[in-house]
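Contents: one structure, followed by commentary.
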Amino acid sequence: MRVLKGAEVSAKIKEEVQAALAKCKGAAPKLAIIRVGENPDDMSYERGATKKMEAFGLRVESYHFPADISDGEFKEEFQKINGDADVTGILMLRPLPKQICEKDIERMIDPKKDLDGISPENIAKVFAGDSSGFAPCTAEAVMEVLRANEIPVEGKRVTVVGRSMVVGKPLAMLMLKANGTVTMCHTRTRDLKGACQNAEILVAAAGKAKMLNGDYVGQDAVVLDVGINVDEDGKLCGDVDFGSLEGKAAAATPVPGGVGAVTTAVLAKHLVQAAQRR
Ligand code: NAP
């Protein structure tokens, strides 16, 4: 079984980003990371994203706000960052605390700075197959893993487990645009195993530790694991039991070291695209 390593995909994206960056005039594009509260997952993602931007030669500035900031106060601060001409792109860590209306922020964010595709305009573009906007970075990271490894999607049976707006739904649209034949699964799917076994490309994005094993995978399928979970021993793991894929899958992404490692590289790519589109 071929192991599809995120670091190799990220290195290829880095080359593309740096070639594009060389053509950009003026200061390097700047990413604003907005974090409310001290959620350890957010802080870990922020560290990873900051490291990646710096490694790619991009600027990054973090904006931190207390978990109990009011809706009005946060919106005021958000609008300052959103309107700052020195900020090329924004990553807002979510979910936001309950007192802040996230829907309002999705509508407020400048679509041209919305690198993680949360604004209605960018979502609509993903669903319309229009690549002039920004798709959510994780969904696009899955497509980048396939592209970098020269695994075509056209005509293939693709099954996506999970239908969130962050991963499953936009990813299904990107797969459709790439001419895959897409099946989407969720908690009400009656024959999950059958739908998974039927896939030539299987994407797991359910957020359930090792819920899929080799029995769910068709012979020689490509398996992409988006899940980031903690197993019973407190170790990071995906939605797929990676060890059970040997002899079944043709190729698969590990967790950690798979799709997650590509997500921040896509964020960097979007940042440079935002600068180019200005
Ligand atoms: P989410 O919002 O909780 O959505 C999970 C989806 O999976 C839902 O649509 C749910 O179905 C479905 N699901 C859950 N259990 C299922 C089951 N037993 N059988 C079939 N479908 C099931 O999660 P998310 O934000 O999309 O994230 C999914 C995973 O990806 C998480 O582990 C998350 O940590 C990870 N993630 C990784 C990255 C990265 O950079 N690699 C980025 C974002 C998220 P219903 O709609 O019916 O409830």
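Worth pointing out:
- Residue satisfying condition, being more than 26 Å from Ala128 (Cα to Cα) and open to solvent by less than 20 Å² (accessible area, probe 1.4 Å), within set Leu212, Leu192, Leu202: Leu212
- Scanning the stretch 101-133 for residues that are of a type in the set (A, V, I, L, M, F, W, C) and either free of Cβ contacts under 8 Å to residues at least 12 places away in the same chain or more than 19 Å from Ala85 (Cα to Cα) (or both) yields Cys101, Ile118, Ile123, Ala124, Val126, Phe127, Ala128.
- Residue list for the stretch 185-222, restricted to those being more than 14 Å from the ligand (Cβ to nearest atom) and of a type in the set (Val, Ile, Thr): Ile201, Val217, Val222
- Looking only at residues in the stretch 158-167 that are over 10 Å from the mean Cα position of the chain (by Cα) and without any contact (Cβ under 8 Å) to a residue 60 or more places away in the chain, the one that is most open to solvent (accessible area, probe 1.4 Å) is Arg163.
- Entry remark, the stretch 138-153: residues being among the hydrophobic types (A, V, I, L, M, F, W, C) and crowded, with 21+ Cβ neighbours inside 10 Å number 6 in total.
- Of the residues making up the stretch 52-73, those that are in contact (Cβ under 8 Å) with a residue 40 or more places away in the chain and among the basic types (Lys, Arg) number 1.
- Some residue of the stretch 44-54 being over 20 Å from the mean Cα position of the chain (by Cα) and either modelled with pLDDT of 95 or more or not charged (D, E, K, R) (or both): no
So that you can scan it fast, the table gives a plain yes or no per residue for (1) farther than 21 Å from Lys52 by Cα; (2) surrounded by fewer than 19 Cβ atoms within 10 Å (Cβ to Cβ):
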| position | (1), (2) |
| --- | --- |
| Glu73 | yes, yes |
| Gly83 | yes, yes |
| Pro95 | yes, yes |
| Asp116 | no, no |
| Ser119 | yes, no |
| Ser131 | yes, yes |
| Pro136 | no, no |
| Gly155 | yes, yes |
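- Selection from the stretch 1-44 of residues that are in contact with a helix residue (DSSP H, G or I) (Cβ under 8 Å, 6 or more places away or on another chain), part of a helix (DSSP H, G or I) and either open to solvent by 60 Å² or more (accessible area, probe 1.4 Å) or not small (Gly, Ala, Ser) (or both): Ala7, Glu8, Val9, Lys12, Ile13, Lys14, Glu16, Val17, Leu21, Lys23
- Flag for Ala172 being of a type in the set (A, V, I, L, M), closer than 24 Å to Leu91 by Cα, more than 10 Å from the ligand (Cβ to nearest atom) and open to solvent by less than 40 Å² (accessible area, probe 1.4 Å): yes
- Residues (in contact with a Gly (Cβ under 6 Å, 6 or more places away or on another chain) and more than 15 Å from the ligand (Cβ to nearest atom)) located in the stretch 138-169: Val153, Lys156, Val158
- Within the stretch 243-259, the residues that satisfy the criterion of being over 20 Å from the mean Cα position of the chain (by Cα) and not small (Gly, Ala, Ser) are Leu245, Glu246, Lys248.
The values are calculated or read from the model by the stated rules, or taken from the named source; none is laboratory data. From a predicted model like this one, the values you see are computed outputs, not experimental measurements. So basically every Cβ, Gly included, is an ideal-geometry build from the backbone, and we count neighbours across all protein chains shown. The accessibility values were calculated without ligands, DNA or RNA, using every heavy atom of the protein model including side chains. Shrake-Rupley method; radii C 1.70, N 1.55, O 1.52, S 1.80 Å.
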